[in-house]
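Asks: Encoded as structure tokens, here's the structure I'll be asking about.
Read-outs throughout are calculated quantities, based only on the coordinates presented, and are distinct from any laboratory measurement. Given the structure is predicted, the values throughout are model-derived calculations rather than measurements. Don't worry about glycine lacking a Cβ; one is built from the backbone with ideal geometry, like all the others, and counts go over all protein chains shown.
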Amino acid sequence: MFRTLPWGCLCLVALSGLASADELVQPDAAVSFEKQIRPIFRTYCYDCHGSGEEHAGGLDLRLRRFMITGGESGSVLEPGEPDSSYLMDRLRDGDMPPGEKKLSAEDISTIEKWIAAGAPTIRSEPEKLGRGLGITPEERAYWAFQPIVRPDVPVFAPQNSVRSPIDALLLAKMREKGLSFSNDASKLTLLRRAHLDLTGIPPTMDEIVQFLADDSLDAYERLIDLLLESPQYGERWGRHWLDVAGYADSEGYTVRDNVRNYAYKYRDYVIRALNADKPFDEFIVEQLAGDELVPLPHANLSPENLEKLVATGFLRMGADGTDGGADDIDLARNQALAETIKIVSTSLLGMSVGCAQCHDHRYDPISHDDYYQLRAIFEPAYDWKNWRTPSQRRLSLYTVEERAAAAAVEAEVAEVAAERKKRQDELMAQALDAEVAKIEDKELGEKLRTIYRTPAAKRTPEDVALFKMHPNFNISPGNLYQYISTSREELKKFDDRIGEIRKKKPVEDFVRILTEVPGRVPETFLFHRGDHQQPKHEVIPAALTVAAPEGQPFEIPKNDEALPTTGRRLAYARWLTNGRHPLLARVIANRVWLHHFGRGIVPTPADFGTAGQPPTHPKLLDWLADEFMAQGWSLKQLHRTIMLSTAYRQSSETDASKQQIDSSNFYYWKKPVVRLDAEVIRDHVLATAGTLSSKMYGPPVPVKEDFVGQIVVGGDDTRRSVYIQQRRSQPMALLTAFDAPVMETNCELRPISTAATQSLMLMNGEFMLAHAKKFAERLQREAGDNVRRQVQIAWQLAYSRPATQTELDDAVQFLDEQIVYLKQNPPPAPPKKKGEADPPAPPTPQFEALANLCQVLLNSNEFLYME
């Protein structure tokens, strides 16, 4: 029984659900509509045949009986008879669905089996359905939407190297495969691992000596505590959070890429908050709604209140082209809000909700309404119909007293400026009189005087022509000195006085924050297909439906009468951090684990949904999330818990027998080797060469193009990489080569690539060559001419360990051979620089050889990776 259906209808029917003519409920069916078929339809069909208010071809695929009834062309399947079902015919031909995205052979086979079984359902269907797809019990039962429950921890005997619940939960799964933990890493390996992991900087020579000399049982534990208290901890782990926050020092969106002069204050807030171990729930609340915690007006701010306002920079990190350059300003406004929602959802919820901007989410139970209800939380601050550009959103930090002082200064300046103008007018009149006096025809002279004093726009053509004939009458402030030679110096004295007066004016500083306009409560509408020009019905502010208990959706009052602003973001932030949200603590715990082990327990840290990968160790994830909250949302305590475990302390050496069982180290039977992040590589080079600055905070170090067009540091190149300007249109070449993100929106997970450009950057990059020489200079300062001592120190600085005898002998031999070669083939003398009396003396062969060895060390895998 084949039927001809309209093309638009086939587009959805081809992927739609199937049903039998009479209700077939089989709770234990091997293939059911709810478990296997509906997810396929959600992915491919429901955009047109379920989630919208209208259904293409009149066909609704949300329920079994709807599919049996069919649409304008009748039923689309014959229950129990897949070969007689039009749907299967079109799927097998490959005509449906239209477009590039097709069902897999496995999906088609699943649909065929379901039809053959009579298209069963697990339960009876409801009599009525509301708008959209709703949430089924199967979707709500998905692991990420379940409450966080602390699991029972297995108990093991001491000889199993179980130091913590982390180890017990890991070992329980290892035992299933006959695996066990590897031995602890060496003391030096743990020292370097902990330093690079927590601070991004290798240990100093003194720190190495002190740690090796400490034979106490708690030496490693105290090392962790010491590193967590280091100010460099916030710089290292602040970088991780800045990734997911989408931190950038420019607006992006258009080619103008305007610089954000005050965005750095949010970066500094993050570093300070992590160093202070601010409870993470407070950290989140301040970033989402810090402005609603600070009484209005936002003036004469205490340091604590200023910090809360600066924290809202988190919601100002998305690209924003509304300060000029955007072709479609309304589109740019709505895009800025959409990017903010993406940053919030991926960083805090571990969910990508953007798909629901145009229709119900294809994979997860997030409806079209859900998206706009989430948008309604932020729209009072990002009111696209009453938009404030980035420059209009800046908050001046002037106090009342400073503003009064500034006004007084400007009043004094105005007095001097008036004196200056009066004297300038007198001088110009004097110059005019002199020129008139030069004209023998007095009548003509007075006429030229009159024309001079007549505004240009009111001069007649005859006046203009006459004036052109006497160019000496073009007297202006700019050329007055040509008429009266002493005028320039005389007027400059006024300018100097003004300059001295303005020095007394308090410097006005600003912060980049997010605020609402008090009393303004905008309405939020669902946009048809995400088009802001096609608003549909109004929505209320609310959280994702599936993240709240069934039947208890978290809805937010449209306007909190107790606050001058709507209070929506504050209510949402407090709900997220109430300890009962199923996603937030899991997402944060997973990210911390990811950065310690190189991969997350959920390998897709920004997608805990069905399109992402499930957790490899769900019980461990829940234990970490629960422990994180139980320890007062302390990030530092979570670090301690993880780093004191056997799992973290293990050696990274490979065991052939274990490798054969688990080649991917899925079960964590050894510590994964992790390549250093781009910023840590650069900072490691600076620290090894002895040039790393300890200066913290402040405006970013600018970037620039070098002579070959690469983006390099354009200022103090000794600052840590976290302080380098993050310009969207000018990503720094060295960092980008090693996978530092270019912030189009935010960075959910950095890739780890291996590319030829990395080797070229290390071998030929100006930064690396210059710092190999600085490394060599450091070795000569600290070891003198003692070659073997130079090599020993080089190994300690680069690898945090002594050189083996073989390495020492090979390095000395390398230096000897290099010196001979360089004596026979001296490099060309460096060119004379502008302003130099004589070109610098060429480096000695001994120094050049040592610099070459240093470059080898800086290029090595051991330098670039953390065991």
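Asks: Local charge sum around LEU686 (other residues, Cβ-Cβ under 10 Å, Lys/Arg +1, Asp/Glu -1)?
Replies: +2
Asks: Determine the relative contact order of segment 412-507: mean sequence separation of Cα pairs under 8 Å and six or more apart, normalised by residue count, in whole percent.
Replies: Working: 50 pairs, mean separation 41.2, N = 96.
Contact order relative to length: 43 percent.
Asks: Next question. Can you list, bin by bin at 5 Å, the percent of alpha carbon pairs in segment 764-866, starting at 0?
Replies: 2, 12, 20, 24, 19, 11, 6, 3, 1, 0
Asks: From the convex hull of the Cα coordinates of segment 603-739, what is the mean projected area in square nanometres?
Replies: On the way: hull surface 51.8 nm².
Across all orientations, segment 603-739 yields a mean hull projection of 12.9 nm².
Asks: Let me ask something else about it. Please provide three numbers in whole Å: the alpha-carbon extents of segment 674-753 along the principal axes, with the largest listed first.
Replies: That works out to 31, 30, 27 Å along the principal axes.
Asks: Kirkwood hydrodynamic radius for segment 412-507: how many Å is it when counted over pairs of different Cα atoms?
Replies: After inverting the mean inverse Cα-Cα distance, the result is 15.2 Å.
Asks: Between LYS823 and GLU500, what is the label-to-label distance in nm when each label sits 7 Å out along the Cα-to-Cβ direction?
Replies: So the label points at LYS823 and GLU500 sit 6.7 nm apart.
Asks: Shifting gears a bit: Can you give the FRET efficiency for GLU807 and GLN637, using 1/(1 + (r/R0)^6), R0 = 45 Å, r = Cβ-Cβ distance, to the nearest 0.05?
Replies: Working: r = 39 Å, r/R0 = 0.87.
The computed FRET efficiency comes out at 0.70.
Asks: Quick one: if the Förster radius is 30 Å, what FRET efficiency do ASP218 and ALA276 give, using the C-beta to C-beta distance and rounding to 0.05?
Replies: Working: r = 25 Å, r/R0 = 0.82.
Once the sixth-power term is evaluated, E becomes 0.75.
Asks: Among LEU480, LEU491, VAL416, which residue has its Cα furthest toward the positive end of the charge dipole of segment 412-507, with +1 on Lys/Arg Cβ and -1 on Asp/Glu Cβ?
Replies: Positive-most Cα among the choices belongs to VAL416.
Asks: A further question follows. Per-residue ellipticity at 222 nm for the chain, helices alone: DSSP H runs ≥ 4 residues times -39500 (n - 2.57), over residue total, nearest 500 deg cm²/dmol?
Replies: Working: 36 runs with 392 residues, N = 867.
That calculation yields -13500 deg cm²/dmol at 222 nm.
Asks: If you wrap a convex hull around the Cα atoms of segment 134-222, how much volume per residue is inside, in Å³? Mind dumping the intermediate values first?
Replies: On the way: hull volume 15.6 nm³, N = 89.
So the per-residue hull volume is 175 Å³.
Asks: Using the C-alpha atoms of segment 503-581, what convex hull volume per residue, in cubic angstrom, is computed?
Replies: Details: hull volume 15.3 nm³, N = 79.
Dividing the Cα hull volume of segment 503-581 by its residue count gives 194 Å³.
Asks: Measure of size requested: the Rg and Dmax of segment 168-280, with Cα atoms as the atom set and Å as the unit; please supply both.
Replies: 19.6, 59
Asks: Let me ask something additional. Residues of segment 705-737 with backbone nitrogen within less than 20 Å of a virtual label 7 Å along the Cα-to-Cβ line of ARG781, please, listed as ranges.
Replies: 716-721
Asks: For the chain, what are Rg and Dmax over the alpha carbons, in angstrom?
Replies: 35.0, 118
Asks: Can I ask one more? Calculated FRET efficiency, PHE707 and ASN859, Cβ-Cβ r, R0 30 Å, to nearest 0.05?
Replies: Details: r = 23 Å, r/R0 = 0.76.
Working from the Cβ atoms, E equals 0.85.
Asks: Under 13 Å from the Cβ of VAL511, count the other residues' Cβ atoms, weight Lys and Arg +1, Asp and Glu -1, and hand me the total.
Replies: Details: positive: ARG260, LYS265, ARG267, LYS308, ARG316, ARG393, ARG394, ARG512; negative: ASP268, ASP291, GLU307, GLU508, ASP509.
Around VAL511, the surrounding residues sum to +3.
Asks: Please go through the residue pairs LYS342/LYS536; LYS187/LYS774; LYS308/LYS536; LYS342/LYS619; LYS173/LYS670; LYS101/LYS536 and name each one whose alpha carbons sit more than 24 Å apart in this structure.
Replies: The pairs that break the limit, which is 24 Å between Cα atoms, are LYS187/LYS774; LYS308/LYS536; LYS342/LYS619; LYS101/LYS536.
Asks: Related question: Taking the Cα centre of the chain as origin, sum charge times position over the Cβ atoms of Lys and Arg (+1) and Asp and Glu (-1), and report the length of that vector in debye to the nearest 20.
Replies: Working: 103 positive and 124 negative charges, 263 e Å.
About 1260 debye.
Asks: Let me ask another. Can you give me the distance in nm between label points at ARG65 and SER104, each placed 7 Å from the Cα along the Cα-to-Cβ direction?
Replies: 3.4 nm
Asks: Any idea what the alpha-carbon Rg over 2.2 N^0.38 Å comes to for segment 7-127? Could the numbers behind the result be given before it?
Replies: On the way: Rg = 12.7 Å, N = 121, 2.2 N^0.38 = 13.6 Å.
That works out to 0.93 for segment 7-127.
Asks: Follow-up. Arranged by the count of other C-beta atoms within 10 angstrom, fewest first, what order do ASP810, ASP838 take? Write down the numbers at each step before the final one.
Replies: Working: ASP810 13, ASP838 6.
Listed from fewest to most nearby Cβ atoms, that is ASP838, ASP810.
Asks: Continuing with this model, one more query. Over the chain, what is the relative contact order in percent, taking alpha-carbon pairs closer than 8 angstrom and at least six residues apart?
Replies: 15 percent
Asks: Follow-up question, since we're still on this one. Kindly list the residues of segment 473-489 that lie in the label zone of LYS447, defined by a backbone N under 20 Å from the point 7 Å along the Cα-to-C-beta vector.
Replies: Answer for this model: 473-475.
Asks: Which whole-number percent gives the relative contact order of segment 674-753, counting Cα pairs below 8 Å spaced six or more residues apart?
Replies: Details: 96 pairs, mean separation 25.4, N = 80.
The value is 32 percent.
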